[in-house]
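The values are calculated or read from the model by the stated rules, or taken from the named source; none is laboratory data. Small disclaimer: the values here were computed from a predicted structure and weren't measured. Cβ coordinates were reconstructed from backbone atoms using ideal geometry, including for glycine residues, and neighbour counts include every protein chain displayed.
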Amino acid sequence: MKLSIHWLNDFIPLNSIPFSTVLEKINTSICEIDDVENFKEHLTNIITVKITAAEKHPNAEKLQVTKCTDGKKTYQIVTAATNIQVSDIVPLALPGTKVDGKEILASELRGVPSEGMYCSEKELGLADVSTGVLVYPDSTQIGIGIRKLYNWEDTILTIDNKSITHRPDLWSHFGFARELAAQLEIPISFDPLKINADSKPGEDGVKVIANDNAHAYYACSIQNVKVSPSTTKIKSRLEKCGIRSINNVVDVSNYLLLEIGQPTHFFDRDKLESSEFSVDFAKQEESFPLLDDSEPKLSSEVLLIRNGNTPVAIAGVMGGKESAVGDHTSNIILESAIFKREDVRKSIRKSGIRTESAVRYEKGLDTSTCLPVIHRALQLLSENGGKDFHSFTPQGFNHTADKKVFIETNLDFLNQKLGKVLNISEIQKIFERLSFKFESKDNQKIRVEVPRHRHNYDVTIEEDLVEEIGRTIGYASIPTKPLSLAIEALIRNPLRELERKIKAYFSSTMQFHEVLNYSFSSEKESMMEGIDAKTILAIANEMSPEHSVLRASLLPGLIRQAASNQDRFESVDLFEIGRTYHKDGKKEDLASEKRWLGFISLSKSKPNDLHAIENEFVQLRHRLVEALSSLNLRDGYFERTHLPHLHPNVALVYKIENTVVAEYGLLHARYSDQYDLKKRAFVGKINLLALLEIWEREGRKSHFRSPSQFPQGQLDVSILLDEKDPTEQYLDLVTGLKIPELETGYVHTIFRGESIGTQKKSVTYRFKLMSYEKTFTQERFKNISDSLVDLAKSSGFQMR
């Protein structure tokens, strides 16, 4: 948001205070300032001059040599402009001025000195296109700067919007000035909400239907309006805040938005079908042309303004094009209303339209400004070129006119929360500065009435009062004291311990990268793992269809992250630790939360290289076993399964003590295509809550053995299996031999090819051997090797 210091001075005497003090107070007690700039400072050296002589250039046919004066000094200017003549008053850019990114220099053009350049409207930023030098009316004063002529001599503050999103009263010049006056303890010299404009009695046929779709709604009939350009003051102030001037009527509405923070809207009455106004929700798929030339199809959650039965505006967001004020408008209806912020937020989301009015409405405005802003609008219309109009008594309703908010607290609570001791009189003074009504009993109990411009969503509880005191006295004035706390033993959190351990292994040992995704998803994505739609937890006030439910699976977010990074990195290995949410068929109880570690790894092989992909699958499977083994959990095993999101032939579950603690497999092709994955993806998840129960019971047991002093041995055994035979079968048989030197065994590679026949696969198992008593002898090594081979043959396996 942009604020004009010149405009703020309309309401409070800021010029009487050092500017650095003002900036410091804003930053420490009100909000953050992003930028401070002098408006159009680069035009400082452009002045108005009067041309006193003009003649052809002696050495160039298309140039002329002119002389001009600012009333004190005469300048010689060489120009190619053809629309100027003697006695014209024009803008002159003196040497040193930067126009359109180029610095104007004193120079010679074809041998004739030139001391500057005449400027066009485009070069001054007044128009997008211009055909010649800007010529001013004869009454224009010469010798003054362009910035002064256009009221551009101003300092603009750019406020960080995030720092005032909870303060709807600060989204305007007067609201900001009112707060600044309280903080600097200076008087308010002008209150635009205390204007009483004269109006004719009667409603002039205007009728407003009262309902609960708005907190307040007023419509005022105005006759005999003359549409014309706005005054320089209105134009310049709108421009300084980033709004383009349109005409004297529309500009008043925009001016009020910036001055008071209350959106208003003008309808051309002669274009309306009725004199009756109502606030109602749209019909599904209803549409009408808007001011931005769009015509979106609206949902039934979008709030509209209807003229009779015809929609003429999206309430609080944007007006309709067919009822807009134009150059020939003479009779208008002024609308001033306060809508429920929740309804405006839905309208923004459903329509996809976000305007300056909508930004203010969605913060939650108070109805106390609804009628006063109409009186201020009538005054501004009169000042902005519409003196002969006639207005009538505003018609409408205000459901919250008598609303009051009281907060009760006590002195001890305020001082304890604040961390500084203040007496009752000091606190009373602070609250009265901030426009709170203050009552105190026994110099201890406190009761305050919150001012109307603060009581909707801003100041509602005791802690808010503490904040008001703290920011007013300055947080720097609160002394820093060491905390006085009892030293207590930390409460152990086993789940956090488990998460840290497994996270460290995935990130350090496995070199996976951790990601964080939103806890919201679409209903379709939450059903990816075959979850029943009845168990999905919907969000009551969803942001969009893509974020309408609490996620029931981590995989969609991981897949999206992998898809967005697949072209940026050679390897994409991601994991996320997060919660999923499930109703579990419970109607009254809260939904359950489950804790998972989800992961995805994109294959580094071509999608049709099945042999390489299978080897990658086997290697990652072995790494997952090692990850769980690092938790001292060594008795797990894989089983084949069928899961809807995984390839039907490449889906596994990992069990420990007959409890499923993990899933792993190849992502189903339909999801790879849906998310535009260019490589095959290995995905899986670990059930941290199920794993925790086993880890608490078994993971604490020590499996430590002193390191062997003897070298490790290694054996590879290759056997031929049918395509459908599980690879774990042989490993289970080897485990049954209970060979004392055998430490681990796993599938190392899988080979397929014409040389071994169709529907066959060659599986190489790798066994690691370690003796803790003596060095391996060739004889013992051969004995173990023969045992493994004999076991394979006796079990019906064919050796390779």
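Exactly one residue out of S755, S762, S771 is in a helix (DSSP H, G or I), hydroxyl-bearing (S, T, Y) and not assigned by TED's automatic domain parsing to the domain that holds H622, and it is S755.
The single condition among (1) at positive phi; (2) in contact with a Lys or Arg (Cβ under 7 Å, 6 or more places away or on another chain) that T535 does not meet is (1). Is it true that S382 is assigned to a helix (DSSP H, G or I), out of contact with any strand residue (DSSP E or B) (no Cβ under 9 Å at 6 or more places or on another chain), on the phi < 0 side of the Ramachandran plot and of a type in the set (G, A, S)? It is true that S382 is assigned to a helix (DSSP H, G or I), out of contact with any strand residue (DSSP E or B) (no Cβ under 9 Å at 6 or more places or on another chain), on the phi < 0 side of the Ramachandran plot and of a type in the set (G, A, S). Of all residues in segment 428-459, those satisfying the criterion of being within 37 Å of the chain's Cα centre (by Cα) and hydrophobic (A, V, I, L, M, F, W, C) are I430, F431, L434, F436, V448, V450, V459. The set of residues in segment 432-475 that are farther than 19 Å from S29 by Cβ, acidic (D, E) and assigned to a loop (DSSP other than H, G, I, E, B) contains only D442. Listed by first and then second residue, the pairs with beta-carbon distance under 9 Å, at least 6 apart or on different chains, first residue in segment 650-676 and within 18 Å of E728 (Cα to Cα) and in the same structural domain as I750 (by TED's automatic domain parsing), second crowded, with 20+ Cβ neighbours inside 10 Å and at pLDDT 95 or above, form an empty list. Looking only at segment 126-178, residues that are of a type in the set (S, T, N, Q), free of Cβ contacts under 8 Å to residues at least 24 places away in the same chain and surrounded by fewer than 14 Cβ atoms within 10 Å (Cβ to Cβ) come to 1 in all.
One residue is enough: does segment 656-667 have a residue meeting the conditions surrounded by 15 or more Cβ atoms within 10 Å (Cβ to Cβ) and in contact with an Asp or Glu (Cβ under 8 Å, 6 or more places away or on another chain)? Within segment 656-667 (the criterion being surrounded by 15 or more Cβ atoms within 10 Å (Cβ to Cβ) and in contact with an Asp or Glu (Cβ under 8 Å, 6 or more places away or on another chain)), the answer is yes, since at least one residue qualifies. Considering segment 1-108, the qualifying strands (runs of 3 or more DSSP E), each wholly inside and each with 2 or more residues that are in contact with a Leu (Cβ under 9 Å, 6 or more places away or on another chain) and surrounded by fewer than 17 Cβ atoms within 10 Å (Cβ to Cβ), run over 33-38. One residue stands out in segment 541-555 among those that are surrounded by 15 or more Cβ atoms within 10 Å (Cβ to Cβ) and farther than 22 Å from L667 by Cα: the one that is modelled with the lowest pLDDT, namely E542. In segment 210-229, the residues that are within 16 Å of H375 (Cβ to Cβ) and aromatic (F, W, Y) form Cβ pairs under 9 Å with partners that are assigned to a loop (DSSP other than H, G, I, E, B) and modelled with pLDDT of 95 or more, at six or more places apart or across chains, as follows: Y218/P394. Total residues in segment 169-197 satisfying the condition of being in contact with a strand residue (DSSP E or B) (Cβ under 8 Å, 6 or more places away or on another chain) and more than 22 Å from K2 (Cβ to Cβ): the figure is 1. Selection of segment 745-800 for residues being within 18 Å of Q714 (Cα to Cα), polar (S, T, N, Q) and surrounded by 15 or more Cβ atoms within 10 Å (Cβ to Cβ) yields T749, T764, S771, S785.
For beta carbons closer than 8 Å, sequence separation of 6+ or different chains, a first residue in segment 462-486 that is more than 27 Å from V405 (Cβ to Cβ) and a second that is of a type in the set (K, R), the qualifying pairs are S477/K420; P479/K420. Look at (1) at pLDDT below 95; (2) of a type in the set (D, E, K, R); (3) not assigned by TED's automatic domain parsing to the domain that holds L257 and you find that K387 fails only one, number (3). In segment 630-658, which residues are in a strand (DSSP E or B) and hydrophobic (A, V, I, L, M, F, W, C)? Those that are in a strand (DSSP E or B) and hydrophobic (A, V, I, L, M, F, W, C): F638, L646, V650, A651, L652, V653, I656. Highlighted here are the helices (runs of 4 or more DSSP H) found entirely within segment 659-748 that include at least 1 residues which are within 24 Å of L597 (Cα to Cα): 669-674, 688-694. Scanning segment 236-263 for residues that are in a helix (DSSP H, G or I), more than 13 Å from H6 (Cβ to Cβ) and not aliphatic (A, V, I, L, M) turns up N248, D251, S253, N254, Y255. Comparison of V734, V789, V763 shows that the only residue that is under 22 Å from R634 (Cβ atoms) and touching a strand residue (DSSP E or B) at 6+ places or on another chain (Cβ under 8 Å) is V734. Listed conditions (1) more than 30 Å from N632 (Cα to Cα); (2) in a helix (DSSP H, G or I); (3) touching a residue at least 12 places away in the same chain (Cβ under 8 Å); (4) among the basic types (K, R) are all met by K429, apart from (3). All of (1) at pLDDT 95 or above; (2) of a type in the set (G, A, S); (3) within 21 Å of G470 (Cβ to Cβ) hold for S163 with one exception: (1).
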